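For reference, the structure is listed below as structure tokens.
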Amino acid sequence: MSRIGVLGGTFDPVHLGHLILAETARDTLRLDIVYFVPAADPPHKHGQVIAAATDRLAMLEMALADNPNFRISLIDLERPGPHFTADMVELMHRQMEPDDELWFLMGLDSVIDFPNWHQPERIRNLARLAAATRPGYEIDWAPLEAELPGISHEVTLLPMPGVSIASNTLRRRVQHGGSIRYLVPECVRQYILEHGLYRRLD
């Protein structure tokens with residue numbers, strides 16, 4: 001039996017918060033593999049400018065190259081839209097062996113917004129749920145329980161170091177000439193500079 005984690009996202013760009021979440025999950029949940037699944041065309045980000053999939057994938061490949069437990073799945077990039085997370089999780093589940101255990105990894109903001117996702121019940125039925133938490137932060141489960149009864153007992157919380165990094169903040173920093181050193185892997189920072197990413201966001 002393999003214990004497999006799945007972390008989806010646009011990874012635009014991948015940053016240290018993503019990597020710390022994945023490594024925390026791997027260590028805490030004793031996962032054999034964590035798959036990073038870059039989104040092709042996330043419905044909740046329609047109207048936003050997203051870097052080309054080739055650039056996001058290239059940065060992800062460089063960022064994960066030194067960790068044998070981290071892999072990339074192209075399952076979302078290689079399928080037609082719309083690209084809902086529930087569909088991605090189901091496709092990942094189909095590729096597993098019958099006795100494998102699938103864990104869907106989320107950030108704290110995703111847990112809070114989970115009732116608004118497309119068919120969250122499908123995700124609950126296909127995978128176990130784990131979510132990163134920040135030190136000192138308490139989740140208000142009441143509104144989540146009202147929408148998704150039992151959810152508070154299904155989510156395994158993963159205490160993480162107090163690192164708060166958001167990809168949209170990094171893109172804005174680059175756009176305004178700010179530094180993102182030490183917020184992303186150095187290879188990713190160099191790629192962004194060399195390819196002129198995020199200089200324009202309109």
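Only the coordinates and a few stated rules stand behind these numbers; no lab work does. Please read all numbers here as calculations on a predicted model, not as lab measurements. Cβ atoms come from the backbone with ideal geometry, glycine included; neighbour counts cover every protein chain shown.
With the biggest extent put first, the Cα atoms of the stretch 95-157 measure 37, 25, 18 Å across the principal axes.
Hydropathy at least 0.0 by Kyte-Doolittle, axial extent at least 15 angstrom from the Cα trace: which helices of the chain, defined as entire DSSP H runs, fit? The answer, listed by residue number, is 16-29, 53-64.
Taken over the alpha carbons of the stretch 65-114 as equal point scatterers, the Debye sum produces base-10 log I(q)/I(0) values at 0.19, 0.30 Å⁻¹ of -0.87, -1.17. Judged by the mean number of other Cβ atoms found within 10 Å, the most tightly packed of the peptides 174-185, 107-118 leads the ranking 107-118, 174-185.
Note on the chain: Rg/Rh from Cα positions, Kirkwood definition for Rh, rounded to two decimals, is 0.95.
Under a 5 Å amide H cut-off, with hydrogens placed 1.01 Å from N, Met106 pairs with Ala130, Ala131, Ala132 among residues at least 5 apart or on other chains.
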